Protein chains: 2
Amino acid sequence: MDEHLKETFVSAEQIYSGKVVNLRRDIVCLPNGKQASREVVEHPGAVAIIPVLPDGRILLVRQFRHPVGQVLLEIPAGKLDPGESPDACAARELEEETGYRAKSLERKASVFTGPGFTNEVIHLYLAHDLFKTAVNPDEDEFLEVGAYTPEEIRRLVREGLLCDAKTISGLYLLQDD
Amino acid sequence: MDEHLKETFVSAEQIYSGKVVNLRRDIVCLPNGKQASREVVEHPGAVAIIPVLPDGRILLVRQFRHPVGQVLLEIPAGKLDPGESPDACAARELEEETGYRAKSLERKASVFTGPGFTNEVIHLYLAHDLFKTAVNPDEDEFLEVGAYTPEEIRRLVREGLLCDAKTISGLYLLQDD
């Protein structure tokens, strides 16, 4: 039913193959028959976890993000390893970044972060019944974990101090749970 | 206060300069003194608008997104033109994509969509007091506009039929308005 909206693939040119992303330039045919070029950043996909403590507070991590040049407050997240399932990745990243495991880890949604230029998809999980293990941060990750009440988080978003789209998407899913 | 988290810039290598994105590979120095490489997708930034009709319904656009190979349901959005202010861009994109202008167009937040690999920022606007003008879609844009109640939108998110992170972030901001 969407034939009048669809672009069809004509050709692809691989520009870069990297550690995290690849870059491709495709030629597509538009619904009106004209051709256009489309840059596509290929990403392996990721997970992000909304960890809810028994008292209702949510764990967030503070981490320097080089592309934006600042420390951001985010839900724990990480890229899928090759061949890794989203469920396994969510359990691994939650423990590596926060030092908690969850008895209940439920996938709530899978969202596209920048569908105009990248295929990145983030699988969003809700983690309940958390229990503490040992923090095992990745060798290259330097982060701080904190627990925030829903009211504190609403204020942080309103004041622009929490400005990560996957995290705010997760908050919507949590409210609607 | 965040010195123990910060990465410092060492060097940059420009890999690609494109129509929408550029790609850079940077070397950074980690807090522990080791060096690491960071791929950075440079993006011009964008706006997205949550257009609320007088009856409370929200305008969404359906549009084919080549990077993810499917038609997505999203709030109207678009990239900043060179030198264009976010406010001007929001007014322009709202009219181009939906055929409506807003008497009230208020910036609610600016969010990062993929801070691990791109500097893209999306300025999210709430548009009230809409009035119809003529639809002037971009030459290369093929899209359909529809109006949805908040209940319909919650169901679409829950069923995975609305899966765009900027749109879901916008819904959080709207709920919290």
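List every residue pair whose Cβ atoms sit under 6 Å apart, with the two residues 6 or more apart in sequence or on different chains, where the first one lies in the stretch A:1-16 and is within 24 Å of B:Val41 (Cα to Cα) and more than 10 Å from every other protein chain (Cβ to nearest Cβ) and the second, anywhere, is charged (D, E, K, R) and assigned to a loop (DSSP other than H, G, I, E, B).
none
For the stretch A:26-54, give me the residue count where each residue is within 12 Å of another protein chain (Cβ to nearest Cβ), in contact (Cβ under 8 Å) with a residue 12 or more places away in the chain and not in a strand (DSSP E or B).
Quick first cut of the stretch A:26-54, residues within 12 Å of another protein chain (Cβ to nearest Cβ) only: A:26-46, A:48.
From what's left, in contact (Cβ under 8 Å) with a residue 12 or more places away in the chain: A:26-31, A:35-46, A:48.
Now restrict to residues that are not in a strand (DSSP E or B): A:30-31, A:43-45.
Final tally of qualifying residues: 5.
Kindly indicate which of A:Leu23, A:Leu5 is closer than 25 Å to B:Lys19 by Cβ, aliphatic (A, V, I, L, M) and part of a strand (DSSP E or B).
From the options A:Leu23, A:Leu5, the qualifying one is A:Leu23.
Those residues that are among the polar types (S, T, N, Q) and either surrounded by 15 or more Cβ atoms within 10 Å (Cβ to Cβ) or assigned by TED's automatic domain parsing to the domain that holds A:Leu124 (or both), I need them from the stretch A:1-36; list them, please. Walk me through it before giving the result.
Looking only at the stretch A:1-36, we keep the residues that are among the polar types (S, T, N, Q), and these are A:8, A:11, A:14, A:17, A:22, A:32, A:35.
Hit for the stretch A:1-36 is A:Asn22, nothing else.
Looking at (1) among the aromatic types (Phe, Trp, Tyr); (2) closer than 27 Å to A:Phe64 by Cβ; (3) touching a residue at least 40 places away in the same chain (Cβ under 8 Å), which is the only condition B:Phe64 fails?
(2)
Within the bounds of the stretch A:148-165, is there any residue that is surrounded by fewer than 24 Cβ atoms within 10 Å (Cβ to Cβ), free of Cβ contacts under 8 Å to residues at least 40 places away in the same chain and not in a helix (DSSP H, G or I)?
For the stretch A:148-165, residues surrounded by fewer than 24 Cβ atoms within 10 Å (Cβ to Cβ), free of Cβ contacts under 8 Å to residues at least 40 places away in the same chain and not in a helix (DSSP H, G or I): present.
Go through the stretch B:55-127 and tell me which strands (runs of 3 or more DSSP E), entirely inside it, have 1 or more residues that are within 13 Å of another protein chain (Cβ to nearest Cβ) and under 11 Å from the mean Cα position of the chain (by Cα).
B:70-74, B:77-79, B:100-112
Just the residues that are among the polar types (S, T, N, Q) and surrounded by 16 or more Cβ atoms within 10 Å (Cβ to Cβ), please, taken from the stretch A:38-74.
If we filter the stretch A:38-74 for residues that are among the polar types (S, T, N, Q), which is where we start, we get A:63, A:70.
Hit for the stretch A:38-74 is A:Gln63, nothing else.
The values are calculated or read from the model by the stated rules, or taken from the named source; none is laboratory data. Just so we're clear, the structure is a prediction, and the values are computed from it rather than from any experiment. So basically every Cβ, Gly included, is an ideal-geometry build from the backbone, and we count neighbours across all protein chains shown.
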